[in-house]
2 protein chains.
Amino acid sequence: MPPSGRIPEATVARLPLYLQALVQASEQGTSTLSSEALAQASGVNSAKVRKDLSQLGSYGTRGVGYRVDELIGEISEVLGLTRDRPVVIVGIGNLGRALASYAGFTRRGFSLAALIDADPSKIGTEVGGRTVESLDDLASIVAERHVSIAVLATPAAAAQAVADALVDAGINAILNFAPVHVTVPGRVPVRTVDLSTELQILSFYEQLHGGRLGPTAG
Amino acid sequence: MPPSGRIPEATVARLPLYLQALVQASEQGTSTLSSEALAQASGVNSAKVRKDLSQLGSYGTRGVGYRVDELIGEISEVLGLTRDRPVVIVGIGNLGRALASYAGFTRRGFSLAALIDADPSKIGTEVGGRTVESLDDLASIVAERHVSIAVLATPAAAAQAVADALVDAGINAILNFAPVHVTVPGRVPVRTVDLSTELQILSFYEQLHGGRLGPTAG
């Protein structure tokens with residue numbers, strides 16, 4: 001396997017799609033999968049599947065395909081999912097509640113360590129069987145529960161201040177759902193998911209009248 | 001300007017970031033912006049900014065930079081945002097409610113045409129000042145309100161059936177928030193936004209200990 005850092009960004013973005021398809025296949029008792037079947041299940045074309053997986057050093061076996069459980073292990077290791085990652089959600093509005101109750105959350109390498117808000121009327125309330133905690137306690141929550149990733153679901157106006165507080169508290173990565181660009185030190189990777197950005201990208205492909213869009217672009 | 005179809009996928013994904021930064025600059029009364037300033041505001045490096053914008057035929061002026069309003073117009077046209085796009089949200093759970101009340105929604109080329117659910121206990125209730133309508137009326141809503149884009153926010157188990165109904169109703173594009181791959185005809189572009197996919201991609205970069213992540217990957 002090449003050093004993880006050498007894997008192209010577009011390949012990294014498709015690995016979770018393969019993983020999802022492989023886990024489904026495994027749950028259905030399938031032990032091997034051809035690149036065509038994996039392509040179909042993940043919505044990626046089969047040449048790209050083969051090229052992506054060759055980046056991981058997995059080439060499959062001619063006439064047999066990929067060994068499902070072996071490939072699940074390899075992708076999980078590359079993505080850093082073999083150890084549990086405690087996650088906090090900061091900002092418990094509609095979006096934060098939706099994320100907190102998201103079913104697939106804990107199944108795939110992550111656990112929900114805390115729900116955090118700054119609003120006194122929300123602190124102490126229950127969301128999905130969990131008590132909302134105070135932003136004032138962020139640093140101790142992050143330290144004591146070994147939290148490495150934060151999901152930022154605050155309003156835009158609060159996002160930068162919360163991101164700063166998260167960095168100060170020792171968070172290693174931020175998934176930002178606030179509709180604003182947040183600035184953090186280069187060592188802390190940030191992924192921003194913004195509804196209007198997604199809609200605008202989709203709009204581009206829609207106006208091409210049936211232009212094809214790789215599912216990885218999502 | 002080259003045909004839109006020739007613009008690389010990665011460039012298309014960054015255009016909304018530039019647009020957001022340019023609109024902010026315009027609102028602050030800024031009439032020109034250097035590629036460095038645009039890079040800083042959008043979180044992309046300046047060489048990439050120049051290369052991306054050259055794909056649109058925009059090169060800026062040496063010592064002056066890009067004309068903000070001109071570039072807003074060009075990017076808006078490429079993304080198909082110069083005409084209003086009515087959008088429906090299907091699935092009014094926590095996520096659907098969050099998306100429905102999302103502030104930036106209508107500011108950037110889209111309007112909310114309807115909120116739709118299949119659950120009789122939700123139909124007729126008000127969310128953000130709008131009445132939730134029945135999935136049974138999907139076809140007439142799409143036709144009468146000229147809806148082109150649907151946001152799919154149903155549980156995973158319902159997603160494929162709703163996607164089929166959306167395609168039958170004449171939807172041109174789908175933004176899928178359900179944690180499952182949906183299969184639709186090739187002429188209908190789909191973007192899937194999945195929390196665990198995003199977390200897994202972020203996990204990859206986090207474990208590189210400060211590996212840099214282009215914001216476009218979000």
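The values are calculated or read from the model by the stated rules, or taken from the named source; none is laboratory data. Keep in mind that what you see is a predicted model, and the values were worked out from it rather than measured. Don't worry about glycine lacking a Cβ; one is built from the backbone with ideal geometry, like all the others, and counts go over all protein chains shown. The protein model used for the area step is the full one, side chains on, heavy atoms only, and it has no ligands, DNA or RNA in it. Shrake-Rupley method; radii C 1.70, N 1.55, O 1.52, S 1.80 Å.
With respect to A:Ile123, is the statement that it is modelled with pLDDT of 90 or more, at the interface with another protein chain (Cβ under 10 Å from one of its Cβ atoms), touching a strand residue (DSSP E or B) at 6+ places or on another chain (Cβ under 6 Å) and assigned to a loop (DSSP other than H, G, I, E, B) true?
When the stated conditions are applied, A:Ile123 does not pass them.
Of all residues being within 12 Å of B:Asp117 (Cβ to Cβ) and assigned to a helix (DSSP H, G or I) in the range B:149-163, which is least open to solvent (accessible area, probe 1.4 Å)? Just the residue, please.
Per the stated criteria, the residue is B:Val162.
Regarding the range A:87-109, can at least one residue be identified that is surrounded by fewer than 18 Cβ atoms within 10 Å (Cβ to Cβ), touching a Gly at 6+ places or on another chain (Cβ under 9 Å) and under 22 Å from B:Ser196 (Cα atoms)?
yes
Return a yes/no flag: does the range B:79-89 have any residue that is at pLDDT below 90, over 30 Å from B:Val132 (Cα atoms) and under 20 Å from the mean Cα position of the chain (by Cα).
No, because not a single residue in the range B:79-89 is at pLDDT below 90, over 30 Å from B:Val132 (Cα atoms) and under 20 Å from the mean Cα position of the chain (by Cα).
One line per residue, one yes/no per condition, for (1) more than 19 Å from B:Glu206 (Cβ to Cβ); (2) open to solvent by 30 Å² or more (accessible area, probe 1.4 Å); (3) in contact with a Gly (Cβ under 9 Å, 6 or more places away or on another chain):
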residue	(1), (2), (3)
A:Glu27	yes, yes, no
A:Gly43	yes, no, yes
A:Lys51	yes, yes, no
A:Arg62	yes, yes, no
A:Leu71	yes, no, yes
A:Val78	no, no, no
A:Leu81	no, no, yes
A:Asp84	no, yes, yes
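Anything in the range A:164-192 that is open to solvent by less than 10 Å² (accessible area, probe 1.4 Å) and either farther than 30 Å from B:Asn172 by Cα or facing another protein chain (nearest Cβ under 7 Å) (or both)? List them, or say none.
Scanning the range A:164-192 gives A:Leu166, A:Ile171, A:Ala173, A:Ile174, A:Leu175, A:Val182, A:Val188, A:Pro189, A:Arg191.
For B:Ser196, which of the numbered conditions (1) part of a helix (DSSP H, G or I); (2) at pLDDT 90 or above; (3) not aromatic (Phe, Trp, Tyr) fails to hold?
Condition not satisfied by B:Ser196: (2).
Return yes or no: is B:Leu138 within 7 Å of chain A (Cβ to nearest Cβ) and either modelled with pLDDT of 95 or more or open to solvent by less than 40 Å² (accessible area, probe 1.4 Å) (or both)?
It is false that B:Leu138 is within 7 Å of chain A (Cβ to nearest Cβ) and either modelled with pLDDT of 95 or more or open to solvent by less than 40 Å² (accessible area, probe 1.4 Å) (or both).
Six or more apart or on different chains, Cβ atoms under 7 Å: show the pairs whose first residue is in the range A:129-147 and on the phi < 0 side of the Ramachandran plot and whose second is of a type in the set (Lys, Arg) and outside any helix (DSSP H, G or I).
Going by the 7 Å Cβ cut-off, the qualifying pairs are A:Val132/A:Lys122.
Being closer than 18 Å to A:Val132 by Cα, facing chain B (nearest Cβ under 9 Å) and of a type in the set (S, T, N, Q) narrows it down to one of A:Ser101, A:Ser111, so name that one.
A:Ser101
Given the conditions (1) free of Cβ contacts under 8 Å to residues at least 24 places away in the same chain; (2) closer than 20 Å to A:Ala153 by Cα; (3) surrounded by fewer than 17 Cβ atoms within 10 Å (Cβ to Cβ); (4) not hydrophobic (A, V, I, L, M, F, W, C), report the number of the one that B:Ser121 does not fulfil.
The one condition B:Ser121 does not meet is (2).
Pick from B:Ala139, B:Ala100: which is under 19 Å from the mean Cα position of the chain (by Cα) and not assigned by TED's automatic domain parsing to the domain that holds B:Leu56?
Only one candidate qualifies: B:Ala100.
Counting just the residues of the range A:199-218 that are modelled with pLDDT of 80 or more and of a type in the set (A, V, I, L, M), which one comes out surrounded by the most Cβ atoms within 10 Å (Cβ to Cβ)?
A:Leu202
Residue-wise test of (1) within 12 Å of chain A (Cβ to nearest Cβ); (2) touching an Asp or Glu at 6+ places or on another chain (Cβ under 7 Å).
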residue: B:Ser46; (1), (2): no, yes
residue: B:Lys51; (1), (2): no, no
residue: B:Arg67; (1), (2): no, no
residue: B:Glu74; (1), (2): no, no
residue: B:Glu77; (1), (2): yes, no
residue: B:Leu81; (1), (2): yes, no
residue: B:Asn94; (1), (2): yes, no
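In this structure, is A:His146 assigned to a loop (DSSP other than H, G, I, E, B) and either of a type in the set (Phe, Trp, Tyr) or crowded, with 21+ Cβ neighbours inside 10 Å (or both)?
It is false that A:His146 is assigned to a loop (DSSP other than H, G, I, E, B) and either of a type in the set (Phe, Trp, Tyr) or crowded, with 21+ Cβ neighbours inside 10 Å (or both).
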